[in-house]
1. Could we say that Ser158 is in a helix (DSSP H, G or I), touching a helix residue (DSSP H, G or I) at 6+ places or on another chain (Cβ under 6 Å) and hydroxyl-bearing (Ser, Thr, Tyr) here?
2. Return the pair list, or none, for Cβ contacts closer than 8 Å from residues in segment 119-133 that are free of Cβ contacts under 8 Å to residues at least 60 places away in the same chain to residues that are buried (at least 16 other Cβ atoms within 10 Å of the Cβ) and outside any helix (DSSP H, G or I), at least 6 apart or on different chains.
3. Determine whether Lys171 is within 18 Å of the chain's Cα centre (by Cα), under 21 Å from Leu61 (Cβ atoms) and modelled with pLDDT under 80.
4. Assess whether Gly140 counts as being surrounded by fewer than 22 Cβ atoms within 10 Å (Cβ to Cβ), under 26 Å from Tyr66 (Cβ atoms), touching a Ser or Thr at 6+ places or on another chain (Cβ under 8 Å) and at pLDDT below 85.
5. Which of the residues spanning segment 138-155 are in contact (Cβ under 8 Å) with a residue 40 or more places away in the chain, aliphatic (A, V, I, L, M) and part of a helix (DSSP H, G or I)?
6. Answer with yes or no whether Arg113 is out of contact with any Lys or Arg (no Cβ under 6 Å at 6 or more places or on another chain), in contact (Cβ under 8 Å) with a residue 24 or more places away in the chain and over 19 Å from Phe53 (Cα atoms).
7. Please enumerate the residues belonging to segment 59-107 that are under 24 Å from Tyr159 (Cα atoms), surrounded by fewer than 16 Cβ atoms within 10 Å (Cβ to Cβ) and aromatic (Phe, Trp, Tyr).
Amino acid sequence: MNRKVLTILRGILIGLLIVGVVWLLQTIGIEQVREQVDRFGIWAPVVVFGLRFTSVIVPVLPGTAYAVLAGGLFGFWQGLALVALADLASCTFNFWVARRYGRGWVERFVGERFMEKVDRLGQQHLERNFFLMMGFLMTGLFDFVAYAIGLTQIRWQSYLVALLVSIAIAKPLWVAAGAGIFEGSRLLLGFALLAAFGIGIVTAVVRRSAKQGG
């Protein structure tokens, strides 16, 4: 099974997870679900945090559905805080593992099939272009990018700044989508659509710049 097929299957799985989450919450009722979530107290956000964190350090697992779920269960602001903290912790972990233990340990987390993607991202001369690095962190490849950057000579301070900016810009997208769907908010859905359009443009520009640089 080649890399393109795996990428397509991963995208399909993300779509199915999102549809499944939406269908479940709409069928049961978001208020009833939130009441059940409230009964779990602190454990509910801890579980969602853990799922999102794991999906980033093991990039084969799709994490988009968990961002949508966070927005639906906890609302936009609480959901965004949860996803942002999970991504900050997991991407920092990815960078640290790559920097501390090298390529061998990275391969244990991403798998041999996806290691080529990490290597290709690491060859984009991200250490020479801060904005290109930040742009890559805003795309759906951010989990692989965190590993790839750790294998370069980029200073961790520069990486942290790029990561924080990318989280602030890109992460509200799926959280807003989840909150908008489950709360019936046209404003949040409109924001999510505009953000998706903007991220799409950023992704296209980043990929074009990477090809020209390569």
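The values are calculated or read from the model by the stated rules, or taken from the named source; none is laboratory data. Please read all numbers here as calculations on a predicted model, not as lab measurements. Every residue, glycine as well, gets a Cβ built from its backbone with ideal geometry; the counts of neighbours run over all protein chains shown.
1. Details: in a helix (DSSP H, G or I): yes; touching a helix residue (DSSP H, G or I) at 6+ places or on another chain (Cβ under 6 Å): no; hydroxyl-bearing (Ser, Thr, Tyr): yes.
When the stated conditions are applied, Ser158 does not pass them.
2. Once the first residue is free of Cβ contacts under 8 Å to residues at least 60 places away in the same chain and sits in segment 119-133, its partners that are buried (at least 16 other Cβ atoms within 10 Å of the Cβ) and outside any helix (DSSP H, G or I) give Leu121/Leu141; Gly122/Leu151; Gly122/Thr152; Leu126/Thr152; Leu126/Ile154; Glu127/Thr152; Glu127/Ile154; Met133/Ile154.
3. Numbers: within 18 Å of the chain's Cα centre (by Cα): yes; under 21 Å from Leu61 (Cβ atoms): yes; modelled with pLDDT under 80: no.
For Lys171, the condition - within 18 Å of the chain's Cα centre (by Cα), under 21 Å from Leu61 (Cβ atoms) and modelled with pLDDT under 80 - is not met.
4. Values: surrounded by fewer than 22 Cβ atoms within 10 Å (Cβ to Cβ): yes; under 26 Å from Tyr66 (Cβ atoms): yes; touching a Ser or Thr at 6+ places or on another chain (Cβ under 8 Å): yes; at pLDDT below 85: yes.
Yes.
5. Of all residues in segment 138-155, those in contact (Cβ under 8 Å) with a residue 40 or more places away in the chain come to 138-140, 142-144, 146-151.
Narrowing further to those that are aliphatic (A, V, I, L, M): 138, 146, 148-149, 151.
Answer for segment 138-155, where residues must be in contact (Cβ under 8 Å) with a residue 40 or more places away in the chain, aliphatic (A, V, I, L, M) and part of a helix (DSSP H, G or I): Ala146, Ala148, Ile149.
6. On the way: out of contact with any Lys or Arg (no Cβ under 6 Å at 6 or more places or on another chain): yes; in contact (Cβ under 8 Å) with a residue 24 or more places away in the chain: yes; over 19 Å from Phe53 (Cα atoms): yes.
Yes, satisfied.
7. Result: Trp96, Tyr101, Trp105.
The rows are residues; the columns are (1) among the polar types (S, T, N, Q); (2) farther than 19 Å from Ala176 by Cα; (3) assigned to a helix (DSSP H, G or I).
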site	(1), (2), (3)
Ala67	no, no, yes
Ala70	no, no, yes
Gln78	yes, no, yes
Asp87	no, no, yes
Phe114	no, yes, yes
Phe136	no, yes, yes
